[in-house]
Amino acid sequence: MQGEDDLRGLAKIMAFMRAVSILLVLMHLYWFCYGFFIERGWTLEIINKILRNFQRTAGLFSHTLYTKVYALVLLALSCLGTKGVKNEK
């Protein structure tokens, strides 16, 4: 039973990492394609404020490659972890 609970917990962590990587890609698109979103009126001030804070504190959007690399690393780790969960069953 304990092993199954551990595997379920690991699977949830891997799903969370996948969700964060997708969120990073969406944030990247919003930041670097902002003109597209503003033309269509699809911007929200709260999202702008959150992303500006990310940029100010972490420099996440200093270069177009940073968010892509972070998202790719998280996605790769989640895939490796998912493979490990499947192999344990």
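Derivation of every value follows stated rules applied to the coordinates shown; laboratory data play no part. The shown structure was predicted, so the numbers you read here are calculated from the model rather than taken from an experiment. Here Cβ is always computed from backbone atoms with ideal geometry, including for glycine, and neighbour counts include all displayed protein chains.
Quick check on this structure: which one of ARG56, ARG18, ARG8 is part of a helix (DSSP H, G or I), in contact with a Ser or Thr (Cβ under 8 Å, 6 or more places away or on another chain) and of a type in the set (Lys, Arg)?
Of ARG56, ARG18, ARG8, the one residue that is part of a helix (DSSP H, G or I), in contact with a Ser or Thr (Cβ under 8 Å, 6 or more places away or on another chain) and of a type in the set (Lys, Arg) is ARG18.
Working only within region 13-67, note down all residues that are within 27 Å of LEU80 (Cβ to Cβ), exposed (fewer than 12 other Cβ atoms within 10 Å of the Cβ) and either in contact with a Gly (Cβ under 8 Å, 6 or more places away or on another chain) or of a type in the set (Val, Ile, Thr) (or both).
If the condition is that a residue be within 27 Å of LEU80 (Cβ to Cβ), exposed (fewer than 12 other Cβ atoms within 10 Å of the Cβ) and either in contact with a Gly (Cβ under 8 Å, 6 or more places away or on another chain) or of a type in the set (Val, Ile, Thr) (or both), then THR64 is the only one that fits.
Taking the residues in region 21-53 that are part of a loop (DSSP other than H, G, I, E, B) and not hydroxyl-bearing (Ser, Thr, Tyr) as candidates, determine which candidate is nearest to CYS79 (Cα to Cα). Please lay out each step first, then the result.
Step one: list which residues in region 21-53 are part of a loop (DSSP other than H, G, I, E, B), which gives 33, 40-44.
Then drop every residue that is not not hydroxyl-bearing (Ser, Thr, Tyr), which leaves 33, 40-42, 44.
Details: CYS33: 28, ARG40: 35, GLY41: 36, TRP42: 32, LEU44: 32 Å.
Applying the filter and picking the extreme gives CYS33.
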